[in-house]
Amino acid sequence: MTPPPTARTRARRRNLLAGLLLGVGTVAFLDEVVFHQLLHWHKFYDRAGTDAGLVSDGLFHAFSWGATVAALFLLGSLRRDRTVDRPRVIGGVLIGAGAFQLYDGLVQHKLLGLHQIRYEVDLLPYDLTWNVLAVALLVVGLVLVRRSGRA
């Protein structure tokens, strides 16, 4: 049987979770606003008509805000407890953003075909940019989290 986590271990986990949620919420929000609403490149679910597309975008938007609000409450709790570890939170944000973007680019775009980044263009440059940026965010975030663990 493993011993219960220490207060320091719990704080480290909460910092990472806050960052992950904030990263996922932020990148999902930016995707929704920029690519769905401003540029009109796609909807969350493009295989349906306008009504279903709007509903799917609304649900996606609610998910992004839910993750963001949960992260902010968690960060508020960490701040109140004076246990905020900024490098760990920032690393978590980058990991969350990169993981969500990589999931979106590989699973939603390619595996499930829910939508593409754009239509009626050569997708290769868009897909490469999207997924390479996702991997870069993940790597930088993992490095920051690992370094914060050593401090």
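The values are calculated or read from the model by the stated rules, or taken from the named source; none is laboratory data. No experiment lies behind these values; they were computed from the predicted model shown. Every residue, glycine among them, receives a Cβ derived from its backbone with ideal geometry; neighbour counts consider all protein chains shown. Ligands, DNA and RNA are stripped out before the accessible areas are found, and what is left, the full protein with its side chains, is counted by its heavy atoms. Shrake-Rupley method; radii C 1.70, N 1.55, O 1.52, S 1.80 Å.
List of remarks:
- Residue selected from segment 108-130 under the condition open to solvent by 90 Å² or more (accessible area, probe 1.4 Å) and part of a loop (DSSP other than H, G, I, E, B), by the criterion nearest to Arg47 (Cα to Cα): Tyr119
- If the condition is being closer than 18 Å to Gly141 by Cβ and either touching a strand residue (DSSP E or B) at 6+ places or on another chain (Cβ under 9 Å) or not in a helix (DSSP H, G or I) (or both), then segment 69-107 contributes Val84, Asp85.
- Of all residues in segment 41-57 being free of Cβ contacts under 8 Å to residues at least 40 places away in the same chain and open to solvent by less than 40 Å² (accessible area, probe 1.4 Å), the one that is farthest from the chain's Cα centre (by Cα): Ala48
- Leading residue by the ranking (least open to solvent (accessible area, probe 1.4 Å)) among those in segment 11-40 that are farther than 21 Å from Val135 by Cβ and aliphatic (A, V, I, L, M): Ala18
- Those residues of segment 12-51 which are among the polar types (S, T, N, Q) and closer than 16 Å to Trp65 by Cβ, in sequence order: Thr26, Gln37
- From the list Gly149, Gly141, the one residue that fits, being in contact (Cβ under 8 Å) with a residue 60 or more places away in the chain, closer than 19 Å to Thr26 by Cβ and of a type in the set (Gly, Ala, Ser), is Gly141.
- Taking residues in segment 101-115 that are at pLDDT below 90, and partners anywhere that are part of a loop (DSSP other than H, G, I, E, B), the pairs with Cβ atoms closer than 6 Å and at least 6 places apart or on different chains are Gln108/Leu114; His109/Gln116; Leu114/Tyr45; His115/His42; His115/Asp46.
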